[in-house]
Amino acid sequence: MSAATLLTPATSAESDARPAGLVARADERSYVRVLVVLDTTIIIIALLIGYVTRFGDDEPTGSEVPYVLVAPGLVLAWLISLKALGCYNDRVIGYGADEYRRVSTASLRLAGAIAIVGYIADVGVSRGFLGLTFAVGIVGLEMARFAARKRLHRARSVGAGWSRKVLVVGDTAHVLELVHTLRREPYAGYQVVGACIPDALLAPVAQRLGDVPVVGSFRGIPEAATAIGADTVAVTASGELTATRLRRLGWQLEGTGIDLVVAPALTDVAGPRIHTRPVAGLPLIHVEAPEFRGSRKLVKGLVDRSASSLALALLLPLIAFVALAIKLDSRGPVLFRQVRVGRGGQEFDVFKFRTMVVNADAMLAELTARNETDGLMFKMRQDPRVTRVGRLLRKWSLDELPQLVNVLLGQMSLVGPRPPLPSEVARYDGDVARRLLVKPGMTGLWQVSGRSDLSWEDGIRLDLYYVENWSLAADLTILWKTFGAVLNGRGAY
């Protein structure tokens, strides 16, 4: 179906948009107030823990420092530091890693400044007290932000909570693509409330682009945004939106409180690979090439093998218990070995706990017609080949534990794309084959984004995003999110 065919008349109820900008701003301010209260509470708790741990119930002896005055001053200074570094900025809070990074940076800068001033001024504040306070405070602030964000994400996923009200501007094809992208992750907080399209596509009656009401053309973008209560104008590609018209649009939005966002055609590229350099008045975007080898890769391999060896040692009792349960539940081997394809197309045997009956492969042909996924994988929610213990193992991802041996052998990584079967790889096209540029992983973006609930297209998109933009920091984030995905059990079957 072409984009043009999705332009349909809108009902009077749809075209009668209700202003939502004021409500969005009020929700935003309410969320910021919650963050301030959380941060203040965490800082006070950190101060109490630091003081009690360092001094106990006794008053500090041999010190002229009035800690009863130091504590309120430190709380105020900490909050000012968070504010100064933009930790309450609406462009940072609620989504992405920048919020956590700024919270840590603001706290560490304050700790460094206090240490320098204390040394120069020869102020005898206990270093143990400060060290404990900042250590507890930074961890507590990050955890509080994480909890607040999760609550916000849940609200956004059901259409509530603070979100930006977005007016999308561009031609029909690119508007539809941007709307699809923003709705794919509703917890990011961008709610599309209307669209402006080229004058040539407007009709005498009110229209919809898909289910998005068309509220105007390029001639009246600021007026359209104000009318529907949008607080953000997102501009995507269109031949009629020249550099001059885009610059004038920025001038028209000055002082209105409406943000201007430009969505480039460049997608699925992480921020660290993007650098903007102004040349002759043009903000040229430089994109660094992905890194598939070098020192960072060596460090990643070292971390993988060290962590897998430690995990195997710690989880040995659990592994033995699972092996015994499998043996008692059904006949057959405890471990299941299957050929998978790794980096560079090299085949290897992946190890998993057996979760199916011994003749599962022979039964596959009979079940092919009942496949519940698209693409090249086979998945069934109620697969009759899965054993009783197997269902529990799959729900909690315990069947993946033997893959720690594959990581230790250097065949897999802790984080990476899903390890594919040779039959899948044989049908890869040029784009999908880029998954083989890195080692497959025990977990990855596919694991923390829905696992088997994802479509084939979304799974491939996430894997390719990881291949192009991997980093050690991203790996740690994915590992952390994996625990939540496993406990939630969503998409595990």
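The values are calculated or read from the model by the stated rules, or taken from the named source; none is laboratory data. Only a predicted model underlies this, so the values are computations on that prediction, with no experimental measurement involved. Heads up, the Cβs are rebuilt from the backbone with ideal geometry, glycines too, and the neighbour counts pull from every protein chain shown. Quick note on the areas: whole protein, heavy atoms, side chains included, nothing else; ligands and nucleic acids left out. Shrake-Rupley method; radii C 1.70, N 1.55, O 1.52, S 1.80 Å.
Give me the orientation-averaged projected area of the Cα convex hull of segment 136-274, in nm², one decimal.
10.4 nm²
Going Cα to Cα from K439, which lysines come in below 19 Å? Please leave out same-chain ones fewer than 8 positions away.
Those lysines meeting the cut-off are K297, K300, K352.
Out of residues 5 or more away from V169 or on other chains, whose amide H comes under 5 Å of its own, with H placed 1.01 Å from N in the peptide plane?
Placed amide hydrogens put C196, A234, V235, T236 under 5 Å from V169.
Could you tell me which trypsin sites (Lys or Arg not before Pro) in segment 84-158 are loop residues by DSSP with no more than 14 other beta carbons within 10 angstrom of their beta carbon?
R91
Report the local net charge at D171: Lys and Arg +1, Asp and Glu -1, summed over other residues whose C-beta lies under 13 Å from its C-beta.
-3
Would you mind pulling out the separation of the Cα centroids of segment 211-229 and segment 385-456, in Å?
Segment 211-229 and segment 385-456 have Cα centres separated by 45 Å.
Near G390, within a Cβ-to-Cβ distance under 11 Å, what is the net charge of the other residues, with Lys and Arg +1 and Asp and Glu -1?
Charge balance near G390 sits at +4.
What does the charge count around L409 come to, taking other residues whose C-beta lies under 15 Å from its C-beta (Lys +1, Arg +1, Asp -1, Glu -1)?
Cβ neighbours under 15 Å give a net charge of +3.
Could you give me the ³J(HN,Hα) list for segment 176-193, computed from phi with Karplus coefficients 6.51, -1.76, 1.60 and θ = phi - 60°, whole Hz, x at Gly and Pro?
Each residue of segment 176-193 in turn: 4, 5, 5, 4, 4, 5, 5, 7, 5, 10, x, 5, 5, x, 10, 9, 6, 10 Hz.
Please state, to two decimals, what the Cα-based radius of gyration of segment 314-359 comes to when divided by 2.2 N^0.38 Å (N = residues).
The reported ratio for this selection is 1.39.
If I histogram all Cα-Cα distances within segment 28-149 using bins 10 Å wide from 0, what percent of pairs lands in each bin?
Percent of pairs per bin, in order: 13, 45, 28, 12, 2.
With just the Cα atoms of segment 75-128, tell me how far they stretch along each of the three principal axes, in Å, largest first.
Each principal axis gives a Cα extent; for segment 75-128 these are 41, 17, 15 Å.
Taking just the C-alpha trace of segment 391-493, give me its Rg and Dmax in Å.
Calculated on Cα positions, Rg and Dmax stand at 13.1, 37 Å.
Summarise the accessible area of segment 94-201 (1.4 Å probe, protein heavy atoms) by the percent that is carbon and sulfur.
63 percent
Considering only protein heavy atoms, with the full assembly of protein chains and a 1.4 angstrom probe, order E99, E254 by accessible area, largest first.
E254, E99
To check my understanding: the extent here is largest minus smallest coordinate of the Cα atoms along each principal axis. What are those three numbers for segment 137-208, in Å, largest first?
Projected onto its principal axes, the Cα set of segment 137-208 covers 58, 19, 16 Å.
When the Karplus curve 6.51 cos²θ - 1.76 cosθ + 1.60 is applied with θ = phi - 60°, which whole-Hz ³J(HN,Hα) does each residue of segment 455-471 get, with x for Gly and Pro?
So the Karplus estimates, Gly and Pro as x, are 6, 4, 4, 5, x, 5, 4, 5, 4, 5, 4, 5, 4, 7, 10, 4, 7 Hz.
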